[in-house]
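A.B. asks: Structure below; questions to follow.
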Amino acid sequence: MPLNVPSFEELMTSAQRSAVHLEMRDQYAVGDEADDFDGWLRTGQRDADPASEYWAPWVDLISRSVARGVVVRRARIVSEPVTDYIRYEHAGAVVNVTAGEQVRWLPRPRAVDLMLPGADLWIFDETQVLFNHFTGVGEWADPAMEFRTEPTIVKQCADAFEAVWERAVPHDTYEIH
């Protein structure tokens, strides 16, 4: 297992063909979105401006990647009825789509017979996996990321992602329950 974990930005900017993200938690509590989530809880309004201070770095990174031919896909496995946090993610996903991501949602009962990794992850060019580790309450764990390049692990993760993707509902037709 590689000891040095490249940053997410390094992996995304070096991707040539694909970057796929599998999210499987119903709640996250990561610090960089805490204020935005709290504001959404109070007002019901989500920052959906791709040029806002909150979104601009992400939109720029994804837009540049897509412009050079990288296909960026995100699949979220969710429990229904969804948590407030998933409602919040759904409200902001329009910006992910605007940036060039393809986003799909898979209700958890439709994933019951899939063999899934034990952690959220990103796969870059089907050669590298960046696992994201969280605590039970959704904060970043220590270590927060694990980088793997073993072909067997990469293939297992890629196969899991593709199985989820095939069953998942595109963002524009997924209805929050």
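The values are calculated or read from the model by the stated rules, or taken from the named source; none is laboratory data. Not measured: the values here are computed from a predicted model. Using ideal geometry, Cβ is built from the backbone for each residue, glycine included, and neighbour counts are taken over all protein chains shown.
A.B. asks: Does any residue in the stretch 64-87 that is touching a residue at least 40 places away in the same chain (Cβ under 8 Å) and under 19 Å from Leu41 (Cα atoms) come within less than 7 Å, Cβ to Cβ, of a residue that is of a type in the set (Ser, Thr, Tyr) and in a loop (DSSP other than H, G, I, E, B) six or more places away or on a different chain, and which pairs are these?
C.D. replies: Pairs found: Tyr85/Tyr28.
A.B. asks: Still on this structure: Could you list all residues from the stretch 42-97 that are surrounded by 14 or more Cβ atoms within 10 Å (Cβ to Cβ), assigned to a helix (DSSP H, G or I) and in contact with a Leu (Cβ under 9 Å, 6 or more places away or on another chain)?
C.D. replies: Tyr88
A.B. asks: Give me a count of the residues in the stretch 123-154 that are part of a helix (DSSP H, G or I) and either surrounded by 14 or more Cβ atoms within 10 Å (Cβ to Cβ) or touching a helix residue (DSSP H, G or I) at 6+ places or on another chain (Cβ under 9 Å) (or both).
C.D. replies: 2
Quick grid of which residues meet (1) in contact with a helix residue (DSSP H, G or I) (Cβ under 8 Å, 6 or more places away or on another chain); (2) farther than 17 Å from Asp120 by Cα; (3) at pLDDT 95 or above; (4) among the aliphatic types (A, V, I, L, M):
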{"position": "Met1", "(1), (2), (3), (4)": "no, yes, no, yes"}
{"position": "Ala15", "(1), (2), (3), (4)": "yes, yes, yes, yes"}
{"position": "Leu22", "(1), (2), (3), (4)": "yes, no, yes, yes"}
{"position": "Asp26", "(1), (2), (3), (4)": "yes, no, yes, no"}
{"position": "Ile62", "(1), (2), (3), (4)": "yes, yes, yes, yes"}
{"position": "Arg74", "(1), (2), (3), (4)": "yes, no, yes, no"}
{"position": "Val82", "(1), (2), (3), (4)": "yes, yes, yes, yes"}
{"position": "Glu89", "(1), (2), (3), (4)": "no, no, yes, no"}
